[in-house]
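This report refers to the structure that appears directly beneath it.
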Amino acid sequence: MLRHLDWILTQAQWDNVLGPIERVAWPLAALQWVHRDHDATAHASSNRLVLAAHQWAQVVRLAEVNQCLLVLQRRLPDLEVQASVSARVDRLLAKAAQVHGLQDRADRILFVEQAFQFGDQIHGQPVLREALARAGGGEASYIGLCAEMMEPLQQRPGT
């Protein structure tokens, strides 16, 4: 949880959370630690953590962010999962839901996976724009529509 709070919270929020604690640290990867220091010059406004609306939305998506990270680590084993990667996953999940209307978790995860494998511009391709519009409109699942696109390629001789 701390690895995600690192990219969600502001320094002022960290200062409120840490209170009298000078430093908190957590493991990021094998033999790699991340830490947050309390700003001793800051005066915490309270000992409570108050999140903005967009931060609550990010916290609500954390289970989905974690699921995406697991998928990405399997598909892209060289991907180093850092705060910037988690934040990008979160932005893509929000875009899949809010911009494209993808309601199904598996559809949103595929959306994120495609962006990481082929670049964010992949969803600007006409065939994927159409699939996103159809899936967002509730006509079919995005996964199903993408699978239909792949069928002719998989049925070619020699592939």
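The values are calculated or read from the model by the stated rules, or taken from the named source; none is laboratory data. As the structure is a computational prediction, the values presented were derived from the model and not from experiment. Counting neighbours? That spans all protein chains shown, and the Cβs are built from the backbone with ideal geometry, glycine included.
Go through the range 33-43 and give me each residue that's modelled with pLDDT of 80 or more and either over 17 Å from Ser86 (Cβ atoms) or loosely packed, with under 14 Cβ neighbours inside 10 Å (or both). If you could, list the steps in order and put the result at the bottom.
First pass over the range 33-43, keeping only residues modelled with pLDDT of 80 or more: 33-38.
Result: Trp33, His35, Asp37, His38.
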Which condition breaks for Leu18 when tested against (1) touching a helix residue (DSSP H, G or I) at 6+ places or on another chain (Cβ under 9 Å); (2) farther than 30 Å from Arg129 by Cα? (1)
Boolean, Leu5 is at pLDDT below 85, outside any strand (DSSP E or B), closer than 22 Å to Ala63 by Cβ and out of contact with any Pro (no Cβ under 9 Å at 6 or more places or on another chain): no
Residue among Gln98, Gln82, Gln103 that alone is closer than 30 Å to Ala29 by Cβ and either modelled with pLDDT under 95 or not assigned by TED's automatic domain parsing to the domain that holds Ala12 (or both): Gln82
Could you grab me the full set of residues in the range 90-119 that are surrounded by fewer than 17 Cβ atoms within 10 Å (Cβ to Cβ) and in contact (Cβ under 8 Å) with a residue 12 or more places away in the chain? Ala94, Gly101, Gln103, Asp104, Arg105, Ala106, Gln117
Within the range 1-24, the residues that are without any contact (Cβ under 8 Å) to a residue 24 or more places away in the chain, out of contact with any Lys or Arg (no Cβ under 8 Å at 6 or more places or on another chain), surrounded by fewer than 19 Cβ atoms within 10 Å (Cβ to Cβ) and hydrophobic (A, V, I, L, M, F, W, C) are Ile21
